[in-house]
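This report refers to the structure that appears directly beneath it.
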Amino acid sequence: MKHFDVLVIGGGHAGAEAAHAAARMGANTALVTMTLSGIGIMSCNPAIGGLGKGHLVREIDAMDGVMGKVADKAGIQFRLLNRRKGPAVQGPRAQADRAIYQREMLAATLAQPNLTVVEGEVVDLKMTGTQVTGVELADGTLIDCTTVVLTTGTFLRGIIHIGEEKRSGGRMGDKASVRLAERIDSFGLPLGRLKTGTPPRLDTRTINWSILEEQQGDDDPAFFSFETTQLFARQVSCGITHTNERTHEIISKNLSRSAMYGGHIDGTGPRYCPSIEDKVVRFADKSSHQVFLEPESLTGNTVYPNGISTSLPVDVQHDYIHSIVGLEEAVILQPGYAIEYDYVDPRALDASLQLRATSHLFLAGQINGTTGYEEAAAQGMVAGLNAACLAQGRDPVHFGRATSYIGVMIDDLTTRGVTEPYRMFTSRAEFRLSLRADNADQRLTPRAIELGVVSEGRRRLFEAKRDALEAGYQAMTREKYSPKQITAAGIAVKEDGTRRTPYQLLAFPDVQFSDVIRVQPDLDTIDPPIQIQLARDALYANYIDRQQKDIDRLQKDEAHVIPDGFVYAGISGLSNELTSKLERIRPSNLAQAARVEGMTPAALALLLAKLRQHKKKSA
Amino acid sequence: MDTIFALATAQGRAGVAVVRVSGPSAHHAGRMLCGALPDASCFAVRAVRSGDELLDRALVLTFAAPHSFTGEDVIELHLHGSIAILQRVLSVLGEIEGLRLAEPGEFTRRALENGKMDLAQVEGLADLIDAETEFQRAQAMQTVEGALSKVVEDWRARLIHAASLLEVTIDFADEDVPVDVAPEVVDLLAEVILQASDEVSRSYVAERVRSGFEVAIVGLPNAGKSTLLNALAGRDAAITSEFAGTTRDVIEVRMDLDGLPVTFLDTAGLRDSDDHVEAIGIERAIARARTADLRVFLTDDMSALPLTPLPQDIVVAPKADLRSDGTGVSGVTGAGVTDLVQAVKAVFSDKVAHAGLTSRARHRTSLQSAVAALETAQDLVKQGPEVYDLAAEELRIAIRSLEFLVGRIDVENLLDEIFSSFCLGK
């Protein structure tokens, strides 16, 4: 019988990244997918990145993951969001050609050493007690493995709604696997129900592009991968149109026929990505909403109208689409639909995304209550790395809130759970000014090198950049200049007698690198990309020093480890509600406990006192 | 968890003495001493016995968790305040399995840990127990009732709202986000800045209510300052003699002026002196008088003194007993003393009317750093969306400062800080 260290179920964004990560760790890895063509499929909008999401992709890339590299190859329009704002809140985003993305992801997956792709449907997990030890395929094949990463998206009781019609299934065309779902049920995991929607897809040849506003990409594209230096695909524009009062009238009149409003769906949808029905009802005073027309590929004819996802019946979809300027004649290639599904409350997972109650089983992606390709891929990477660690007897790889968006997400999920599909935002990261898309490599690649998951080329590239940054920093902090010298170079500073280094000058928002070269001409020899990076670091230097104090404080709280099996019940003074929350979430340290919803300072104090007692007793 | 007990009232003979027992075995202990206990939240008179021996008759109060001061099961025995009775009752309690004498501050600590009070409230409780005057009591009570926490929570809510407005423009930049949020954010920040800075300035008054107002009595040597102080104190607090320059150190007398805590300072007479020791005393007197909240100048010739009175200071002629015009004050006869006390009270009553909700340096520091961050944030917001990332960061710093104040974060430091500075024995 075959045996693998790590077996990944599902070839979506979480599954692919998990399989690659485990394989890079040197684990003998299998990726089981229903079809090869399902690998890297983009089932929602044809775009990668964005605010917070772009940060995640950069972080995946900093660990030498696949998403960033593939997205760069498939990118047909690159835009750096918030370009005019500070670098900490800039997020790279790209329209991706769906076909190229799938093709490149499949190619990368097949080319990855240590990784075997198995086409088949997993129908059951093999168990030894509460430990997973293998899987069974639909054709009866048994595969033994040490760890399993389950990334099956919306397959748990997934129901698709188009108006009053409904049918069971994951994405359009996929079948939901009943036995596997029953097996998951048997673990008694806490489940919740969520919903999400998609818009009708349109035929590009039937859209009147000539009268629509055009949105172009950036002239100097910001790529996802630190290794990418050039465009691969032809670049295109998107179109912009708007809904109008006529559109809203059609939708209002037919609300009772919408799956979401007709009472057919109980799941909670995302507040930040509402259906057009939601928008019309909740923002009744707005007579128009923006719609982005995003081409799904260079070769096909499908257009994704971003902003009008729906669960109305097909005939109503036709009517409201045709009420929109430029879409009067548009042909719907595939109607919009809503899907509701069960997710596993991620508080049942530990920080490595392993289920607490069922050992050697890891969950990643939408099944954990998240939404988005990037969130899924990042979790996949965490689960893949940790599944490999467990199989190889190595210590788990933990991502902290202070060093990565990945850490923020894992911590949010496993300690706070979700109430709506979880999406990354920059505002979720309290150390946002340090966790930038531009320095993801500086933050994470050293750890990746330690783990041995980066290629030789990547390591050399990283080390050269790190050395250049260090040399540049030294050159910029070596000498201090008087206000007089600085003013003479054309930079306005207060005559306060304070001498400043060029690095300190760069912290003034209006000072450019070219300005400080006039103060210290030899800085001209620093490579332009390194100049840009130094300027970004310098801009936030004052804040980062201050944040360091918060980080230290967080790490101090994180150092108060709550031992496995710590008993909350019977701690007098903890409310029953809080006790049961803590029992369920099982925070691994005091910092995590502090973020548990409903936690009070008094309860935390009590916990700390108990932990100290506990330590004394065991010492 | 242990069940703890202690004498809750002062040591020594008294009409009534209260013994408090708190913890899981509290009711059990109560039954062992008193038989059937009154229902929870009720009281009854019971015979307190050790075996067959009657120790006392006491009023017994029963509290059931979480409805008690500590949040645990509690019994209170209101005994006769005899030292002998108390010794017996405490030793009988100590023999019961699972009971031990409480450590200093342990009841309050349990109340904090059981979520019955927040940090600011605990500090208020310490002040309440220490309160000597009516204004101190009222102020501490306000804190115990959570007045400060309420105000800070309200600011925090408004700042979080302001932060959310900024974050919308950052995190949803690629979507249809409306309008210019700057005016609303600036308004929200301005409100909190105004109120928080006001609280900072009023906290100095509150601190005075807690620690006492200082009134320095200044004048030439032998102006009768010490005699006046003794008259105010009603006893010989300061050494008085015929010889000028007797008072070399600063002598303090603490008084309750109708609820206002006031400390009168008797300072060395202000004159040029060749005596080295006296010169040091004079220097110290001047420094102390400057930092006092109010100065009473006992003189009829201001030009002879090296200090100038501030607008609210009181200037009064000395030695009324030796004058014939009926003006001035005299510590010897008591003439004019009542008027002087009224004048002093008038100055402070006016101030106290504006006392803030907090009197602690810890609170003030947090408020000040929040205000500073908010002011920077406000400037940044006015500069435009290009620096909203920095504005949001300043706002976050401000919110953290406020959270620190009410004890939401940084548990360990906060705890260490409280339990090290917490006045023990409550």
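Here, each number is a calculation from the coordinates, and none is a lab measurement. Remember, predicted model here, so these are calculated numbers, not experimental data. Counting neighbours? That spans all protein chains shown, and the Cβs are built from the backbone with ideal geometry, glycine included.
Seen from all sides and averaged, what is the projected area of the convex hull of the Cα atoms in the protein assembly as shown, in nm²?
55.6
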Between B:ALA346 and A:THR525, take the C-beta separation as r, use R0 = 56 Å, and let me know the FRET efficiency to the nearest 0.05. 0.15
Quick one: grab the alpha carbon gyration tensor of segment B:212-352, order the square roots of its eigenvalues as a ≥ b ≥ c, and give me rounded if a/c is under 1.5, else prolate or oblate depending on whether a/b is larger than b/c. rounded
Based on other C-beta atoms within 10 Å, arrange B:SER203, B:SER91 from fewest to most. B:SER91, B:SER203
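All other residues with a Cβ under 11 Å from the Cβ of B:GLY336 taken together, and with Lys, Arg as +1 and Asp, Glu as -1, what is their net charge?
Net local charge, B:GLY336 excluded: 0.
Among DSSP bridges having both ends in the protein assembly as shown, what percentage is antiparallel? Round to the nearest 5.
70
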If I model a spin label as a point 7 Å beyond the Cα along the Cα-Cβ vector, how far apart are those points for A:PHE508 and A:SER580 in nm? 6.1
Mind giving me the FRET efficiency for A:ARG595 and B:ARG137? R0 is 51 Å, r the Cβ-Cβ distance, nearest 0.05 is fine. 0.85
What ranking of B:TRP155, A:TRP209 emerges when the number of other C-beta atoms within 10 Å of each C-beta is taken as an exposure proxy, fewest first? A:TRP209, B:TRP155
Work out the charge dipole of segment A:457-545 with +1 on the Cβ of Lys and Arg and -1 on the Cβ of Asp and Glu about the Cα centre, then indicate which of A:LEU505, A:GLY472, A:ILE517 is farthest towards its positive end. A:GLY472
Total charge dipole magnitude, the protein assembly as shown, about the Cα centre, Cβ charges on Lys, Arg, Asp, Glu only, Debye to nearest 20: 1640
Summing -39500 (n - 2.57) over the DSSP H runs of n ≥ 4 in chain A and dividing by its residue number, what mean residue ellipticity at 222 nm do you reach, to the nearest 500 deg cm²/dmol? -11000 deg cm²/dmol
Quick one: dipole size for segment A:201-337, taken about the Cα centre, charges +1 on Lys/Arg Cβ and -1 on Asp/Glu Cβ, in debye to the nearest 20. 420
Go through A:LYS73/B:LYS382; A:LYS581/B:LYS116; A:LYS581/B:LYS150 and tell me which ones have a Cα-Cα distance over 30 Å in this structure. A:LYS73/B:LYS382
Lys and Arg at +1, Asp and Glu at -1: neighbours of A:THR133 with Cβ under 9 Å from its Cβ sum to 0
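With charges only on Cβ, +1 for K and R and -1 for D and E, what is the dipole size of chain A about its Cα centre, in debye, rounded to 20?
About 1680 debye.
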Here the whole-number average of other chain Cβ atoms within 10 Å per Cβ of A:427-433 is 4
Write down the percent of antiparallel bridges among all DSSP beta bridges whose residues are both part of chain A, to the nearest 5. 70
Can you give me the C-alpha center-to-center distance between segment A:57-77 and segment A:486-509, rounded to a whole angstrom? 39
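Can you tell me the FRET efficiency between B:ASP39 and B:VAL186 if r is taken as the Cβ-Cβ distance and R0 is 45 Å, rounded to the nearest 0.05?
Given R0 = 45 Å and the Cβ-Cβ separation, E is 0.20.
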For chain A, what is the relative contact order in percent, using Cα pairs closer than 8 Å and at least 6 residues apart in sequence? 17
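Compute the relative contact order of segment A:380-494 as a whole-number percentage, counting only Cα pairs closer than 8 Å that sit 6 or more residues apart in sequence.
14
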Principal axis box of segment B:3-113, alpha-carbon based, largest edge first, Å: 36, 28, 26
Along the positive direction of the dipole of the protein assembly as shown (beta-carbon charges: Lys, Arg +1; Asp, Glu -1; about the Cα centre), which of A:HIS13, A:LEU435, B:PHE404 reaches farthest? A:HIS13
Could you grab the relative contact order for segment A:457-545? Cα pairs under 8 Å, six or more apart, rounded to a whole percent. 30
Below 14 angstrom from the Cβ of B:GLU97, what's the summed charge of the other residues (Lys, Arg +1; Asp, Glu -1)? 0
Using a 10 Å cut-off on Cβ to Cβ distances, tally the other chain neighbours for every residue of B:381-389 and report the average as a whole number. 4
So for segment A:193-322, considering every pair of alpha-carbon atoms, how many percent are separated by more than 25 Å? 35
Per its Cα gyration tensor (rounded if a/c is under 1.5, else prolate when a/b beats b/c, else oblate), segment A:457-545 is best filed as prolate
So if the hydrodynamic radius of segment A:482-596 is defined as the Kirkwood radius over C-alpha pairs, what does Stokes-Einstein give as its diffusion coefficient at 37 °C and 0.692 mPa s, in µm² per second? 180
Taking 2.2 N^0.38 Å as the expected size of a compact globular protein, what ratio does the Cα radius of gyration of chain A give against it, to two decimals? 1.02
